[in-house]
Amino acid sequence: MNSQLESQLKDLPTVTGVYQYYDRVGRILYIGKAKNLKKRVSSYFHKNHSSVKMRALVNKIVRIEYFVVDNEYDALLLENSLIKKHTPPYNIRLKDDKSYPWICIKNEPFPRVFLTRRLIKDGSEYYGPYTSVKIARALLELMAESHSLRSCRFDLSPDRIQAGKYKVCLEYHIKNCKGPCEGLQSEMDYQEDINLLRQIIRGNFQEPLRILHERMDALAQALYFEGAQEIKEKIARLEHYQARSTVVNPSIDDVDVFTIVSDDDNAYVNFLKVIKGAIVQSHTSELVKKLDETDETLLESVIIQISDRFQLTSKEIYLPMSLELKIPGVKITVPKIGDKRKLIELSERHARYYRQERLKQISLVDPDMYTDRLMQQAKADLCLPEEPRHIECFDNSNIQGAQATSACVVFKDGQPSNKDYRKFNVNTVEGPDDFATMQEVVYRRYKRLLDTGESLPQLIVVDGGKGQLNAALKSLEAFDLRGKIAILGISKRLEEIFFPDDPIPLYLDKNSETLKLIQRLRNEAHRFVLSHHRDRRRKQSLSTGLGFISGIGEKTIIILLRHFKSLKQIQESSFEALESVVGRSRAEKIITYFRERKV
């Protein structure tokens, strides 16, 4: 640390503010906020950082500048503004910089309503931005269906209309427009429709529906039933859209929801805007971590960035965790139960789904990066001491204890390593004892690896529940490998994951990449062991000669051998004895076959 830096650290005030780190060429490396500038900045230089990125940052810092502000919220706003301006290399920022669509109500006589990505300061009203063009267009289509608005670009000033400058077009004749260009609709009547549209755009359907019901009743009382029917159809469209959009209690009004899902290198923050129980906006942002930031730190930063980008004005925010963040005039809630908690869970599902889609894209474009992230996620999800780059999975197969077989499949870097697959014929286990079979094959597998000096896996997966897992553990204990190799069992019925010494199973999300990896292992082991078992049965049936008898299958042969013990005993048995075991039809075929062979 140079003398200038030491002097700056000593002179730092113990107040709230924003700090900037500079390198030797005067480039801003990092911008941060702090409740206590002196305490926060000093911690960078007086701690032993485990993060390589953090150590690299600290080694580059030669100068510090800071700004004092009144409170933490002002510090967040200033930090966000400076990051947008300078884009420091060690600061997180939202990856997408695209412009989002807005719904514009144009400042003109008989205002047009349309979608735009350009904000022009001419007094027009802009609603949004909308994170999905599809949502914005669907809303415009709903408004076009429920209200007759003009789509032309004519200057409909009173002078031009009175002068008869325009003629009604096809839109008028198909009843998509009421013809204001020829003075067939008054500006006051048109503005009433615009006022209803403002309410719909804001997610408030109650007032438009009330007014439309009043209009319908008035027309019906005046015996203008055709007009009443048209308004009734508009009401039905609005009510259908409202019912489809409502996901929680309509009393939850004007709320922003933020949640975060993260791994070692990236984080995904989902934002939902809820009005009257309906989600009117949804957006997920991807962040690239720079300095091993915590979820709390990331969420604080993103809330400010998204609030700024989408011009959020809600008075309440739902979060999945408590933050030190305080926004003037905004209530921050951490829901635990009920409809509010359902919104948090829904937002988290959005974030997880987005992450999975991003991983799929990465797996196609950059398989190595996908593998690294999959290994990191599996390590985190399964609480492993290291990434499971080498995984082995065991499965057993037998028919009522006969011809018991087992198999071990091997995955390396998340992909099958076929040359390392192994088959086992189980000869020491009597009867259908799956636990004893598992214990034997795991013992034989790792005795072999230890004797030959081959590498051991980081993770063992056992197809089965607690019983199979405990059987495999006994074999690991024989070689003092328990605790040195991670092991788990997966149950088929509910996809429960069992760990040693833990009575409560783990349930991973059904879309989790980690669960999909374990399922692939289990399914591949099942396929491989069934293939081996089938081959073994086929060889045995052919070697006995019974496999050549038409109508006598592998299962029948196993039943015969189990009952009569040998081929000789089958040949010497009477028709009645065979019939009692395999039935009349099969007994006749067996007797006929051996009689013909003697001839």
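The table for this structure:
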read-out: Per-pair calculated FRET efficiency, R0 = 30 Å: Ser81 and Glu296 via Cβ, rounded to 0.05; value: 0.90
read-out: Cα-based helix-to-principal-axis angle, 513-544 vs the chain, degrees rounded to 10; value: 20 degrees
read-out: Ellipticity estimate at 222 nm from DSSP helix runs (n ≥ 4, -39,500 (n - 2.57)) divided over the chain, nearest 500; value: -15000 deg cm²/dmol
read-out: Accessible area of the chain divided out per residue, in Å², using a probe of 1.4 angstrom; value: 52 Å²
read-out: Region 296-362: chymotrypsin sites (Phe, Trp or Tyr not before Pro) falling in loop per DSSP and having at most 10 other Cβ within 10 Å; value: none
read-out: Apportionment of accessible area to carbon and sulfur, the chain, percent (1.4 Å); value: 49 percent
read-out: Longest segment of the chain lacking GluC sites (Glu not before Pro) that sit in a DSSP loop with at most 11 other Cβ atoms within 10 Å; value: 1-323
read-out: Over 31 Å between alpha carbons, listed pairs Lys484/Lys555; Lys106/Lys276; Lys85/Lys326; value: Lys484/Lys555
read-out: Degrees, to the nearest 10: 133-146 long Cα axis against longest axis of the chain; value: 60 degrees
read-out: Global geometry of region 9-98, whether rounded, prolate or oblate, following the gyration tensor of its Cα atoms and the 1.5 cut on a/c; value: oblate
read-out: Environment charge of Met54, counting only residues whose C-beta is closer than 13 Å and scoring Lys/Arg +1, Asp/Glu -1; value: +4
read-out: Subset of Lys47/Lys290; Lys379/Lys492; Lys39/Lys60; Lys10/Lys60 violating a 24 Å alpha-carbon distance limit; value: none
read-out: Gyration tensor verdict on the chain (Cα atoms; rounded if a/c is under 1.5, prolate if a/b is larger than b/c, oblate otherwise); value: oblate
read-out: Flagged links, alpha-carbon separation over 19 Å, of Lys84/Lys273; Lys84/Lys315; Lys360/Lys516; Lys340/Lys516; value: Lys84/Lys273; Lys84/Lys315; Lys340/Lys516
read-out: Within region 135-224: Cβ-based charge dipole about Cα centre, in debye rounded to nearest 20 (Lys, Arg +1; Asp, Glu -1); value: 260 debye
read-out: Contact order normalised by residue count of region 8-106, Cα under 8 Å, 6+ apart, percent; value: 35 percent
read-out: Proximal charge balance of Pro88 [Cβ under 12 Å; K/R count +1, D/E count -1]; value: +4
read-out: Cα gyration tensor category, rounded, prolate or oblate, for region 276-358 with a/c compared to 1.5; value: rounded
read-out: Around Val255: net Lys/Arg minus Asp/Glu count, Cβ-Cβ under 14 Å; value: +3
read-out: Charge dipole of the chain about the Cα centre (unit charges at C-beta), most positive-ward option of Ser531, Gly32, Ile303; value: Ser531
read-out: Between 0 and 90°, nearest 10: helix 584-598 axis offset from the chain longest Cα axis; value: 50 degrees
read-out: Pairwise centroid distance, computed over Cα atoms, of region 211-239 with region 42-71, Å; value: 66 Å
read-out: Candidate aspartates and glutamates - alpha carbon under 16 Å from Lys234, same-chain residues fewer than 8 apart omitted; value: Glu141, Glu145, Glu192, Asp193, Glu207, Glu214, Asp217, Glu226
read-out: Relative contact order of the chain, defined on C-alpha pairs under 8 angstrom at six or more residues apart (%); value: 7 percent
read-out: Cα-projected label distance for Lys492 with Lys165, points at 7 Å along beta-carbon direction, nm; value: 7.8 nm
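The values are calculated or read from the model by the stated rules, or taken from the named source; none is laboratory data. Just so you know, these numbers come straight off a predicted model, no measurement behind them. Every residue, glycine as well, gets a Cβ built from its backbone with ideal geometry; the counts of neighbours run over all protein chains shown. Surface areas here come from the heavy atoms of the whole protein model, side chains and all, with no ligands, DNA or RNA. Shrake-Rupley method; radii C 1.70, N 1.55, O 1.52, S 1.80 Å.
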